[in-house]
Every structure is written in C-alpha cells, then in structure tokens.
Amino acid sequence: MFLGQLLATMTKQQKVGSQGEDLAARYLLEKGYRIIERNWRFSRAEIDIIAFHGDLLVFVEVKTRSYDYYGPPEAFVDEKKEALMADAAYRFIDHIDHQGEVRFDIVSILLNDSIRPVIEHFVDAFFPGLESD
C-alpha cells in the first residue's frame, strides 16, 4: 500500500523521471553495464546511475521528457548540473577508493504515448572542468 500512496503523491514530472530512469537502467544492463548505485546523493547533487562498464566507472545523468517542443532531453544538462554531478562523483570516487578511469554519460529518453520511447546514449558526454565551445 505504501508504494501506491507514494505514486499517488508524485507529480507527473516525477513519474516521467522515474520511468525514464528505469528505462535507462534496463538499457544499460542490456549493454553490459553493472549498476552499483541509483539516485546517489551528496549535498545538493544527485547522480541518477553509477555503473561499471568493465573497469570503467561511469556516472550517468538521465534526462527524460514527454515531448521535445523545447529541445531534446539531453539539452537540459547544463554546466551547473555538470558541476554538481562532478562534485558528487568525486565524493563517490573517494568513498569507494576508485583508482581507475571514470566517464560521464547522458542517457536521453523521449517518451511518446503513441510510439516506443526513444533512447539515446551519449557516451563521454562531458568532462567536468573543461569548458565547451
């Protein structure tokens, strides 16, 4: 019953986000990723999915939208979000004492009631600390 109450109080945006994160997790698992954390929080930041792809530690931001009137979902990952995500990622790296390589990806999901979700995976989507052109 608790889950039903929780879902009833979720906003439409939260439901879309949660559905997108579930789709992204399934997609990554099918591609051979080993998910070790979901919705990992540090301070004001949250990392949607943390996974290993081989020995590579991958931090994934999932952006889900019901429509693309204002642009594709991945366009909504701004520099502020990247910086918050990087802060949390560096804390996680310290937490598990990871000594290997890391990568920051974006999984973009466009939901549409009449067709299957469109999932795009942007591998190595950004590198914190480097300014984009």
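No value in this document is a laboratory result; all are computed from the given coordinates. Remember, it's a predicted structure, so these values are computed and weren't measured experimentally. Glycine also receives a Cβ, built like all others from the backbone with ideal geometry; neighbour counts cover every protein chain displayed.
Couple of notes before you dig in:
- In order through the stretch 42-53: 3J(HN,Hα) via Karplus (6.51 cos²θ - 1.76 cosθ + 1.60), integer Hz, x for Gly, Pro: 9, 6, 8, 9, 9, 10, 5, 9, 10, 8, 9, 10
- Counting only alpha carbon atoms, the long axis of helix 12-30 and the longest principal axis of the chain meet at about 60°.
- Whether the chain is rounded, prolate or oblate, judged on the alpha carbon gyration tensor where a/c under 1.5 counts as rounded: prolate
- The phi torsions of the stretch 106-111, fed into the Karplus equation with coefficients 6.51, -1.76 and 1.60 and a -60° offset, translate into couplings of 10, 10, 9, 10, 10, 8 Hz, rounded to whole numbers, with Gly and Pro shown as x.
- Efficiency of FRET from Cβ geometry, V16 and D78, R₀ 22 Å, rounded to 0.05: 0.70
- Remark: K15, K63, K31, K81 ranked as K31, K15, K81, K63, counting other beta-carbon atoms within 10 Å and listing the fewest first.
- For the pair Y90 and L56 in one chain, pulling the backbone fully straight at 0.36 nm per residue adds 10.8 nm over the alpha carbon distance.
- Relative contact order (percent, whole number), the stretch 34-122, Cα cutoff 8 Å, 6+ residue spacing: 30
- The sum of -39500 (n - 2.57) across all DSSP H runs of n ≥ 4, divided by the residue count of the chain, sets its helix-only mean residue ellipticity at 222 nm to -11000 deg cm²/dmol.
- With loop membership from DSSP and a limit of 14 other Cβ atoms within 10 Å, the longest segment of the chain without chymotrypsin sites (Phe, Trp or Tyr not before Pro) is 1-66.
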